[in-house]
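The values are calculated or read from the model by the stated rules, or taken from the named source; none is laboratory data. Since the structure is predicted, the reported quantities are computational estimates derived from the model, not experimental observations. All Cβ positions, glycine included, derive from the backbone under ideal geometry; neighbour counts span all protein chains shown.
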Amino acid sequence: MLQSKDIQSIEELKKYFACSTKMVDYLVNLLSFFEFKSVYGVLKPLKKKGYDIINVFPVLIILPFLKHASIYALFKSRSNDLSDAQKDVYYRFKNMRTIPWRKLLLRFVKRFIAITENKEQQLNKDKRKRCLIIDDSLLDKRGRTIEFAGKLWDHVSHSYKLGLRLLLLCYYDGKSMLPLDFSLHREKGKNEQKLYGLTKKQLKEQYKRCRIPGSESDKRAKEADMSKADVGIAMIKRALKFLQVDYVLMDSWFTSERMIECIRSYSKQNVHLIGMMKMGKAKYLYKGKLYDAAELLRKGKRETGIKRCHKLKASYLIMDVVYKEYPVRLFFSRFGQRGKWHLILSTDASLSYLAVMEQYQVRWTIEVFFKESKQYLNLGGCQSTNFEAQIADTTMTMIQYILLSLRKRFDDYETRGEIFRATGEEMLEKRLHVRLWELLIVIVKIIIETLAVAVEDIDECINRVINSDKLKGILELISPNHKKLLT
């Protein structure tokens with residue numbers, strides 16, 4: 001049998017080939033757009049010893065493109081030659097309490113905006129309305145021991161499910177929707193005997209972690225028990241400090257006096273709110289008297305009558321009123337003869353019915369994000385008991401979405417699902433090349449051992465095989481980039 005020192009050149013060749021595919025090909029395809037070193041600068045100072053974060057973080061980012069749902073699945077598939085690090089390195093990285101995940105996500109968004117604006121300045125970009133969109137979604141969890149997990153009402157299945165509530169703020173620049181900021185929440189509930197929908201024993205068994213007061217980890221953990229309205233207002237205020245925005249869009253749960261005050265009181269730019277309102281008991285001041293939504297609708301029918309928008313095939317009614325000391329315009333809308341009346345509130349009284357409807361429908365892009373991210377990028381799929389890992393996994397999903405959004409922006413793809421499949425197939429194809437090359441090396445090794453070739457003749461044998469015309473013909477069929485394998 002040959003000793004390891006006699007086949008050192010073979011092992012070096014295998015290692016070199018694996019490295020060339022893992023870093024060069026992937027980073028060129030996706031992360032090169034973002035000048036990755038400038039973006040990940042917030043992470044580099046955090047890890048002084050052990051594996052460099054530049055070799056750990058990208059592997060976590062590309063995980064779904066390799067068709068693996070978790071680090072465990074990656075190592076189980078024996079595709080872990082993307083890095084020399086073992087799986088514990090990745091777990092420790094996701095559990096770190098000092099990583100500023102909010103700042104990292106923000107850097108990716110800023111870099112995306114810088115890239116697209118530079119590109120579109122050359123194309124004489126049109127003036128598009130820019131929006132912030134806020135909404136929430138349920139992230140299903142399977143284990144009751146997951147930190148801060150609890151029973152939450154799911155509006156889709158109309159039942160209670162175990163999980164965490166994701167509150168998300170997005171930025172829409174007229175073409176692309178980018179996840180900008182988020183928080184994870186639990187809900188206490190009204191039942192004192194089963195707080196968060198769990199028994200006292202189940203709450204006691206939940207994972208708990210000590211955190212340094214004031215640290216990034218501590219701030220995110222405290223948000224879990226804060227009101228979504230309070231956290232949402234804080235997110236919007238942070239976003240308005242560096243983004244130029246025309247409107248903030250939201251559904252009826254978030255539209256409130258506090259939201260209007262937060263948005264309209266921002267003096268540095270003229271930002272307006274457009275939000276759905278419930279046809280409930282909220283009072284509006286109209287011609288010196290207070291009316292609820294149903295009363296206003298009846299009064300409007302008598303005074304101005306119902307109008308028709310042929311483009312949207314909808315009936316509508318517009319009324320200018322005062323809501324909680326703020327002048328607003330109400331848009332009553334109904335689709336079909338027997339449809340229900342819906343109410344949209346806008347602080348911008350200059351908008352027509354068609355303009356406000358076209359603007360409000362942009363809010364649907366956040367619903368598309370929830371669907372696509374859960375379907376393709378495994379949003380909420382992390383089942384770690386550690387809350388830091390939940391924050392890390394959610395952030396990386398949003399970074400993956402930003403990467404796909406940039407590629408969609410400049411490529412000829414129609415949907416992100418198409419991009420995901422194309423990227424996944426491309427990565428799997430490269431993985432296949434690696435496997436085939438490794439198989440070839442093993443075959444050569446077995447032949448050399450079987451024929452008992454002298455040690456001094458090994459290099460000559462390998463060179464003959466590699467430079468063989470027949471081998472080149474086979475590689476041409478396997479890979480269009482076969483010449484790289486022979487260098």
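Taking the criterion of being out of contact with any Gly (no Cβ under 7 Å at 6 or more places or on another chain) and in contact (Cβ under 8 Å) with a residue 60 or more places away in the chain, the residues of region 254-268 that qualify are Glu257, Ile260, Glu261, Ile263, Arg264.
Listed here are the residues, each with its yes/no results for (1) modelled with pLDDT of 95 or more; (2) of a type in the set (Asp, Glu); (3) closer than 23 Å to Asp135 by Cβ; (4) surrounded by fewer than 16 Cβ atoms within 10 Å (Cβ to Cβ).
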position: Val322; (1), (2), (3), (4): yes, no, no, yes
position: Leu330; (1), (2), (3), (4): yes, no, yes, no
position: Gly336; (1), (2), (3), (4): no, no, no, yes
position: Ser346; (1), (2), (3), (4): yes, no, yes, no
position: Val368; (1), (2), (3), (4): no, no, yes, yes
position: Tyr376; (1), (2), (3), (4): no, no, yes, no
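When region 358-378 is filtered for residues that are in contact with a strand residue (DSSP E or B) (Cβ under 7 Å, 6 or more places away or on another chain) and of a type outside the set (Lys, Arg), the ones remaining, listed by number, are Gln359, Tyr360, Val362, Thr365, Ile366, Phe369, Phe370. Ile212 passes all but one of (1) surrounded by 16 or more Cβ atoms within 10 Å (Cβ to Cβ); (2) in contact with a helix residue (DSSP H, G or I) (Cβ under 7 Å, 6 or more places away or on another chain); (3) not acidic (Asp, Glu); which number fails? It is condition (1) that Ile212 fails.
Within region 424-438, the presence of a residue that is closer than 30 Å to Ile263 by Cα and at pLDDT below 90 is excluded. Looking at Lys141, Lys129, Lys47, just one residue is surrounded by 14 or more Cβ atoms within 10 Å (Cβ to Cβ), out of contact with any Lys or Arg (no Cβ under 6 Å at 6 or more places or on another chain) and at pLDDT below 65, and that residue is Lys47. Only a single criterion out of (1) without any contact (Cβ under 8 Å) to a residue 40 or more places away in the chain; (2) at positive phi; (3) small (Gly, Ala, Ser) is not satisfied by Ser157, namely (2). Which of the residues belonging to region 234-255 are among the hydroxyl-bearing types (Ser, Thr, Tyr) and out of contact with any helix residue (DSSP H, G or I) (no Cβ under 7 Å at 6 or more places or on another chain)? Listed by number, the residues that qualify are Ser252, Thr255. From the list Leu164, Leu168, the lone residue that is at pLDDT 95 or above, buried (at least 21 other Cβ atoms within 10 Å of the Cβ) and farther than 26 Å from His272 by Cα is Leu164. All told, Leu351 meets the bar of being of a type in the set (A, V, I, L, M), assigned to a loop (DSSP other than H, G, I, E, B) and in contact with a helix residue (DSSP H, G or I) (Cβ under 8 Å, 6 or more places away or on another chain). Among residues of region 393-410 that are under 15 Å from Ile113 (Cα atoms), those with a Cβ under 7 angstrom from a residue that is modelled with pLDDT of 85 or more and of a type in the set (Ser, Thr, Tyr), sequence gap 6+ or separate chain, pair up as Tyr401/Ser373; Ser405/Ser176; Arg409/Ser176.
Any chance region 71-84 includes a residue that's modelled with pLDDT of 85 or more and of a type outside the set (Ser, Thr, Tyr)? For region 71-84, residues modelled with pLDDT of 85 or more and of a type outside the set (Ser, Thr, Tyr): absent. Give me the residue from region 390-401 that is closer than 16 Å to Arg186 by Cβ and in contact with a Lys or Arg (Cβ under 9 Å, 6 or more places away or on another chain) and, out of that set, surrounded by the fewest Cβ atoms within 10 Å (Cβ to Cβ). Looking at residues that are closer than 16 Å to Arg186 by Cβ and in contact with a Lys or Arg (Cβ under 9 Å, 6 or more places away or on another chain), I get Ile391. Among all residues of region 296-317, there is at least one that is more than 19 Å from Met259 (Cβ to Cβ), assigned to a strand (DSSP E or B), out of contact with any Gly (no Cβ under 9 Å at 6 or more places or on another chain) and not basic (Lys, Arg). Note on region 355-374: residues that are within 21 Å of Ile318 (Cα to Cα) and out of contact with any Cys (no Cβ under 9 Å at 6 or more places or on another chain) amount to 5. Checked against (1) assigned to a helix (DSSP H, G or I); (2) touching a helix residue (DSSP H, G or I) at 6+ places or on another chain (Cβ under 8 Å); (3) of a type outside the set (S, T, N, Q), Gly380 passes all but condition (1).
A residue that is more than 33 Å from the chain's Cα centre (by Cα) and touching a residue at least 60 places away in the same chain (Cβ under 8 Å) can be found somewhere in region 325-336.
Selection of region 166-183 for residues being more than 12 Å from Phe370 (Cα to Cα) and not aliphatic (A, V, I, L, M) yields Tyr171, Tyr172, Asp173, Gly174, Lys175, Ser176, Asp181, Phe182, Ser183. Restricted to region 136-246, the set of helices (runs of 4 or more DSSP H) holding at least 3 residues that are within 20 Å of the chain's Cα centre (by Cα) comprises 216-223, 228-240.
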